[in-house]
1. Looking at the stretch 51-83 only, could you name the residues that are crowded, with 19+ Cβ neighbours inside 10 Å, assigned to a loop (DSSP other than H, G, I, E, B) and not polar (S, T, N, Q)?
2. Going residue by residue through the stretch 280-290, is there one that turns out to be among the aromatic types (Phe, Trp, Tyr) and modelled with pLDDT of 95 or more?
3. With a cut-off of at least 1 residues that are among the β-branched types (Val, Ile, Thr) and crowded, with 24+ Cβ neighbours inside 10 Å, name the helices (runs of 4 or more DSSP H) lying wholly within the stretch 178-270.
4. Report the residue count in the stretch 96-136 for those that are crowded, with 18+ Cβ neighbours inside 10 Å, more than 18 Å from the chain's Cα centre (by Cα) and farther than 20 Å from residue 197 by Cβ.
5. Just to verify a result, which residue in the stretch 149-177, among those that are in a helix (DSSP H, G or I) and under 10 Å from the mean Cα position of the chain (by Cα), is nearest to residue 94 (Cα to Cα)?
6. Assuming residue 87 fulfils every condition listed in (1) part of a loop (DSSP other than H, G, I, E, B); (2) within 24 Å of residue 176 (Cβ to Cβ); (3) of a type in the set (A, V, I, L, M, F, W, C) apart from one, which condition is it?
7. Sort out which residues of the stretch 84-94 are open to solvent by 10 Å² or more (accessible area, probe 1.4 Å) and either at pLDDT 95 or above or of a type in the set (Asp, Glu) (or both), and write them in order of number.
8. Looking at 20, 62, which one is closer than 19 Å to residue 103 by Cβ and at pLDDT below 95?
Amino acid sequence: MAVQRGCWPPNSRMVNPWTRMVDGIASKLAFFPPQPASYTVEEHKDGTGQLYIKPVDRSYQRVTSARVHWLQTSQGNRIISAFVPYADGRGSARAKLTVLYSHGNAVDLGQMLPVYKDLSRLLRVNIMGYDYTGYGACSGIPSVTATCSDISAVLEALETIHGVKRRDVVLYGQSVGSGPTVWLAAQQQGIAGVVLHSPLLSGVRVFNPNIRYWPSWADIYPNHLLVRKINAPLLVMHGTADEVIHVSAGQKLAASAPAAVPPLIAEGFDHQNLEACPEYLPRLRQFLQQLASGALPAASGANR
């Protein structure tokens, strides 16, 4: 994978001392994995060796259709992934698109898996979920570089394990998940599309969205720079009452992306309830249908 200027290479051996310092600080301040984890990874007792996600709290639904695998990242961490195939109830329909979903901060895969099951059914797509390094049952300590390594391993697994071509993958990043999502989308040519859900402009700009200049080596997730390199169709969704990441972040990213469609700016919705917006599902469904039909061309002049 070619590494672009202004981002973080997944291979930690390529990271300079300044990046290591910022990454170390960010690992303590920017990531909040649920403690304890909401699930354990268990092996079916049928002799197949297949894995499943077992919720610790019975209030979380067990998703029996998920295909669960351990993945090894380029940084040497072991992360868990769960592929939720679309099922139409008759077993006859298959989804064209697969959404690679990078979740928000203070949740893990056990909490998100029932959400993925519902989204798969409602949107008629496959969903690939995973946990970041240091989240849930995964090994290691969360960091910016680790998340980039994580999402790279998941994209590779989609092709090598699940047989999904990159042209049929839609990258979906929610909140902090917009960081690795934008990073990967800026590297990859030929993915189907990108969805940014309450995204950040950059780490520093979460605290001061109007800052004009900050050195990139002292920042994390410079989405405001990398989004210009994304030539795939891109949808931004952001609430006007977002109390964590100002809505202007999503608006600026939508304005900077070469192939962005008009964003969903949800009036009165915040960082925690954007999904409750009546336009959320219809707008997302429309975008995915347009991607599947080829109605949204990629940009030819992205600044790569």
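1. Correct list: 63, 66.
2. yes
3. Numbers: elements: 178-187, 203-207, 223-226, 247-256.
The qualifying helices (runs of 4 or more DSSP H) are 178-187.
4. Summing the residues that are crowded, with 18+ Cβ neighbours inside 10 Å, more than 18 Å from the chain's Cα centre (by Cα) and farther than 20 Å from residue 197 by Cβ in the stretch 96-136 gives 0.
5. Quick first cut of the stretch 149-177, residues in a helix (DSSP H, G or I) only: 149-160, 166-168, 175-177.
With under 10 Å from the mean Cα position of the chain (by Cα) added as a condition, the list becomes 151, 175-177.
On the way: 151: 24, 175: 29, 176: 30, 177: 27 Å.
The selected residue is 151.
6. That leaves (2) as the condition not met.
7. Listed by number, the residues that qualify are 85, 86, 88.
8. 62
The values are calculated or read from the model by the stated rules, or taken from the named source; none is laboratory data. Computed from a predicted model, the values in this text were never measured in an experiment. Here the Cβ is made from the backbone with ideal geometry for all residues, glycine too, and neighbour counts use every protein chain on show. Calculation scope for accessible area: heavy atoms of the full protein, side chains included, ligands and nucleic acids excluded. Shrake-Rupley method; radii C 1.70, N 1.55, O 1.52, S 1.80 Å.
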